[in-house]
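A short worksheet on the structure shown next.
The values are calculated or read from the model by the stated rules, or taken from the named source; none is laboratory data. The structure presented is a predicted model; accordingly, all values stated were derived computationally and were not measured. No Cβ is skipped: glycine too gets one built from the backbone with ideal geometry, and neighbour counts run over all protein chains shown. The protein model used for the area step is the full one, side chains on, heavy atoms only, and it has no ligands, DNA or RNA in it. Shrake-Rupley method; radii C 1.70, N 1.55, O 1.52, S 1.80 Å.
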Amino acid sequence: MEAPPDNDVLWARALHFQHHDGSPALQGVSLGVREGEILAVSGPRGSGKTTLLRCLSGLVKPQEGEVWFNSVPVHTMGPLSRERLRRDRFGWIDPAPALVPELNAWENAALPLMLRGTGRRRAKTAALDWLDRLDVGGKARRRPHELQQAERQRVCIARALAVAPAVLFADEPTAPLHRADRAQVLRTLTTAARSHGITVLLATHDAQTAALADRAVALLDGRRVRTVHLPPLAETAVATGAAGTPGTEGRAACSLSA
């Protein structure tokens with residue numbers, strides 16, 4: 001078993017995973033994530049982004065390959081150990097807001113803290129602080145059914161940040177938001193992550209969202225994909241091609257890596 005690099009908080013080697021119907025979701029994906037890094041995992045829908053985050057976070061076990069967190073092998077952990085790891089060290093944001101309907105906004109945001117054993121007053125203070133930062137502090141006492149979908153998603157983001165996780169897994173976190181709101185929420189999330197030293201894995205199919213990260217890796221059909229920029233076509237070659245194609249236009253090609 002190969003030990004991960006010392007400077008990677010998360011490290012994965014040759015991950016393979018198949019859906020229940022037998023279709024491949026991951027086909028040999030390897031990557032390392034440095035502590036405090038914001039890493040975008042980009043690619044079209046169905047490329048394996050969510051499955052990769054689920055394997056890295058311990059939500060599911062890869063059928064082949066290794067996952068390490070701070071030099072601890074997550075892939076050999078049992079279900080209870082992985083659940084404890086997710087509760088104590090990780091945060092998760094889904095693309096669709098999921099809140100406890102019987103609790104109001106601040107109680108939902110504070111719930112993971114209280115499950116960790118944090119006192120109610122301290123948990124409430126942290127929850128209210130993040131709700132304010134995400135512009136839903138005024139809705140703190142409202143229950144989920146009284147909130148708009150975009151407001152519920154902001155509560156979910158506050159809930160994930162309030163616990164100050166070592167790693168935050170954000171799966172299309174601004175999908176329910178209007179485009180005008182996405183940039184502000186993403187700025188809040190990335191600024192908070194950098195100021196608190198939180199490592200972020202951000203799954204997105206949106207190039208503008210990926211551009212906010214420190215680094216991006218791309219997936220296609222469950223594999224890492226590398227874009228290679230080719231030199232411009234020679235004017236003589238263009239002349240034999242389609243009419244009107246500029247001679248200085250660059251080209252790009254993709255190569256898949258295991």
TODO: Please enumerate the residues belonging to region 66-88 that are open to solvent by less than 50 Å² (accessible area, probe 1.4 Å) and in contact (Cβ under 8 Å) with a residue 40 or more places away in the chain.
DONE: 66, 67, 68, 69, 73
Open item on the list: Only one of 65, 46 is under 20 Å from residue 217 (Cβ atoms) and out of contact with any Leu (no Cβ under 6 Å at 6 or more places or on another chain). Can you tell me which?
Closed with: 46
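Go through region 102-120 and report how many residues are over 18 Å from residue 138 (Cα atoms) and in a helix (DSSP H, G or I).
First, pick out the residues of region 102-120 that are over 18 Å from residue 138 (Cα atoms): 102, 111-120.
Those still in the list that are in a helix (DSSP H, G or I) too: 111-115, 120.
Residues that pass the stated criteria total 6.
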Task: Pick from region 183-208, criterion buried (at least 18 other Cβ atoms within 10 Å of the Cβ) and in contact with a Pro (Cβ under 9 Å, 6 or more places away or on another chain), ranking: nearest to residue 37 (Cα to Cα) - done: 199
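Quick grid of which residues meet (1) within 16 Å of residue 203 (Cβ to Cβ); (2) out of contact with any helix residue (DSSP H, G or I) (no Cβ under 9 Å at 6 or more places or on another chain); (3) open to solvent by less than 10 Å² (accessible area, probe 1.4 Å):
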position	(1), (2), (3)
20	no, yes, no
23	no, yes, no
28	no, yes, yes
34	no, yes, no
42	yes, no, no
47	yes, yes, yes
64	no, yes, no
Open item on the list: Filter region 4-45 down to the residues that are in contact (Cβ under 8 Å) with a residue 12 or more places away in the chain and out of contact with any strand residue (DSSP E or B) (no Cβ under 8 Å at 6 or more places or on another chain) and list them by number.
Closed with: 6, 45
- [ ] Starting from region 124-140, take each residue that is on the phi > 0 side of the Ramachandran plot and of a type in the set (Asp, Glu) and list its partners that are outside any loop (DSSP other than H, G, I, E, B) and surrounded by 17 or more Cβ atoms within 10 Å (Cβ to Cβ), counting only C-beta distances under 8 angstrom and pairs at least six apart or across chains.
- [x] 135/154
Open item on the list: Going through 137, 91 one at a time, which residue ends up being open to solvent by less than 60 Å² (accessible area, probe 1.4 Å) and out of contact with any strand residue (DSSP E or B) (no Cβ under 9 Å at 6 or more places or on another chain)?
Closed with: 137
Task: Residue count for region 96-106, restricted to those that are open to solvent by 40 Å² or more (accessible area, probe 1.4 Å) and more than 23 Å from the chain's Cα centre (by Cα) - done: 3
- [ ] Identify, by number, the condition in (1) part of a strand (DSSP E or B); (2) crowded, with 22+ Cβ neighbours inside 10 Å; (3) free of Cβ contacts under 8 Å to residues at least 60 places away in the same chain; (4) not aliphatic (A, V, I, L, M) that residue 55 doesn't meet.
- [x] (1)
